[in-house]
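J.: Pasting a structure here, questions to come.
The values are calculated or read from the model by the stated rules, or taken from the named source; none is laboratory data. Everything quoted here is computed from the prediction, not taken from an experiment. No Cβ is skipped: glycine too gets one built from the backbone with ideal geometry, and neighbour counts run over all protein chains shown.
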Amino acid sequence: MVKYKIQLSEYGTVANRADIIIKAKNKREAEQIAIDMAENGEIEFIESSDSIDGWNYQVEDSMRV
């Protein structure tokens, strides 16, 4: 397994960001793990706000560390 630093955004009526480290076999898997964790409420976002429209998640950047 390799470690990847993922910058993830949570967006709806506002946008929040989180930087996390994920262990995965490859970059694509790391990005999907990060999105799955966000959807399951397992990531604490910086300056998290409420969204009246619900949340969507996307990877802004990822790099091998």
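J.: Which strands (runs of 3 or more DSSP E) does the chain wholly contain that include 2 or more residues that are without any contact (Cβ under 8 Å) to a residue 40 or more places away in the chain? Outline the logic, then answer.
T.: Values: elements: 2-11, 15-24, 56-64.
The strands (runs of 3 or more DSSP E) meeting that bar are 15-24.
J.: If residue 30 satisfies every condition in (1) surrounded by 14 or more Cβ atoms within 10 Å (Cβ to Cβ); (2) within 8 Å of the chain's Cα centre (by Cα) but one, which is the exception?
T.: (2)
J.: How many residues are under 9 Å from the mean Cα position of the chain (by Cα) and surrounded by 14 or more Cβ atoms within 10 Å (Cβ to Cβ) when one looks only at the stretch 16-27?
T.: Residues flagged as under 9 Å from the mean Cα position of the chain (by Cα) and surrounded by 14 or more Cβ atoms within 10 Å (Cβ to Cβ) within the stretch 16-27 amount to 3.
J.: Just to be sure before I move on: is residue 57 within 10 Å of the chain's Cα centre (by Cα) and among the aromatic types (Phe, Trp, Tyr) in the structure I sent?
T.: So residue 57 passes the test.
J.: Which members of the stretch 35-58 meet the condition of being in contact with a Ser or Thr (Cβ under 8 Å, 6 or more places away or on another chain) and modelled with pLDDT of 90 or more?
T.: The first filter runs over the stretch 35-58 and keeps only residues in contact with a Ser or Thr (Cβ under 8 Å, 6 or more places away or on another chain), leaving 51-53, 57-58.
Across the stretch 35-58, the qualifying residues are 57, 58.
J.: Being surrounded by fewer than 20 Cβ atoms within 10 Å (Cβ to Cβ) and either over 11 Å from residue 59 (Cβ atoms) or in contact with a Gly (Cβ under 7 Å, 6 or more places away or on another chain) (or both) is the filter here, so list the residues in the stretch 6-15 that pass it. Give the steps one after another, and end with the answer.
T.: From the stretch 6-15, those surrounded by fewer than 20 Cβ atoms within 10 Å (Cβ to Cβ) are 7, 9, 11-15; that's our starting set.
Answer for the stretch 6-15, where residues must be surrounded by fewer than 20 Cβ atoms within 10 Å (Cβ to Cβ) and either over 11 Å from residue 59 (Cβ atoms) or in contact with a Gly (Cβ under 7 Å, 6 or more places away or on another chain) (or both): 11, 12, 13, 14, 15.
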